[in-house]
Amino acid sequence: MHIVDFVSGSIAGACGVAVGYPLDTVKVRIQTQKQFTGIWQCTKATFLKEGVYGFFKGMAIPVTTISMTSSVVFGTYRNCLQCLSQSRGAGNGENTKLDVFLSGMAAGVTQISVMSPGDLVKVRLQCQTESKRGPANMPKPKYRGPIHCLLSIMKEEGFLGLYRGSSALMLRDGPSYATYFLTYTAICDWMTEADKKKPDWSVVMLAGGLAGSAAWTIATPMDVIKARLQMDGAREVKRYKGFVHCVTETVRVEGARVFFRSLGMNVVRAFPANMVIFLAYELLTDLIRGRTGSDDPHVVVLE
């Protein structure tokens, strides 16, 4: 079993959250609240009303959960590659691009069981525009923090309420992670000279950034639906009966263009975040490999 990928992926994921979270908050607000009409308007309104803290609302849970989900993603991906290689009798030989695509899709779907509750809490807290510092006659935030939000959802909506929007999350992350790893692998292969065993760090950073942007281009439509399902009923009367009704009602009211309303933000946010993720992942993997003496460039093999 490939353990190093679980460890490296965990730390790399936390690094990516720290880099991309402020823009993620802006993205979620644009997707779910009509009072925000664009990136700059949302950024300015958030800063003036809530200060810098407003961009980091709900970050505690994602930093914790993304470490677990990123661990699951990279660990599942690497072990799926090995299984597909062995199924062809190739041992630990090179994988095909189809192997990479399928392993990425498996990784994206697998991590949903861990990711969904934390992502729901993140979205609920990010969409709280009320400020604790406001006058006494102004509305106060519904949730006092990540733990209070988590417990409130379980109390009001039951345990399954933590997985609200998981169907859209699955449709988002399966194809997007397949695209993510395929793009990264293809660019690294293309930009690495034949006599080198691994790409330069500049290639890793470029490939990681482009992979993240490509993945979010695929993921954005389902990300809009996911966010709306997660917020449905939290602040007002429940509007959607389910996934299909959310899609049809969104198209009917706002048109198909709404699915790409936050595309630019996602692409911009994804590049630096995933550049950092892959750089940290590859550095940590090499560091652990060097200390364990493994010959595999990405793994420690447990018997």
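The values are calculated or read from the model by the stated rules, or taken from the named source; none is laboratory data. Note that the structure is predicted; figures quoted are calculated from it, not measured. Every residue, glycine as well, gets a Cβ built from its backbone with ideal geometry; the counts of neighbours run over all protein chains shown.
Some points to look at:
- Given (1) surrounded by fewer than 20 Cβ atoms within 10 Å (Cβ to Cβ); (2) among the charged types (D, E, K, R); (3) at pLDDT below 85, index of the condition Lys44 fails: (3)
- The condition (being under 18 Å from Glu282 (Cβ atoms), crowded, with 21+ Cβ neighbours inside 10 Å and of a type outside the set (S, T, N, Q)) is satisfied by just one residue among Gly16, Gly54, Gly58: Gly16.
- Only a single item in (1) within 18 Å of Thr76 (Cβ to Cβ); (2) surrounded by fewer than 16 Cβ atoms within 10 Å (Cβ to Cβ) is not met by Lys142, and it is number (1).
- Candidates Ile147, Ile153, filtered to the one that is outside any loop (DSSP other than H, G, I, E, B) and at pLDDT below 90: Ile147
Let's see how each residue does on (1) of a type outside the set (Phe, Trp, Tyr); (2) modelled with pLDDT of 90 or more; (3) under 30 Å from Thr46 (Cβ atoms); (4) buried (at least 18 other Cβ atoms within 10 Å of the Cβ):
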residue	(1), (2), (3), (4)
Tyr77	no, yes, no, yes
Arg88	yes, no, no, no
Ser103	yes, yes, no, yes
Lys122	yes, no, yes, yes
Gln128	yes, no, yes, yes
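- Flag for Arg235 being surrounded by fewer than 17 Cβ atoms within 10 Å (Cβ to Cβ) and in a helix (DSSP H, G or I): no
- Every listed requirement among (1) within 13 Å of Asn274 (Cβ to Cβ); (2) surrounded by 22 or more Cβ atoms within 10 Å (Cβ to Cβ); (3) of a type outside the set (Ser, Thr, Tyr) is met by Leu210 save one, (2).
- Filter result (crowded, with 17+ Cβ neighbours inside 10 Å and among the polar types (S, T, N, Q)) within segment 238-284: Thr250, Ser262, Asn266, Asn274
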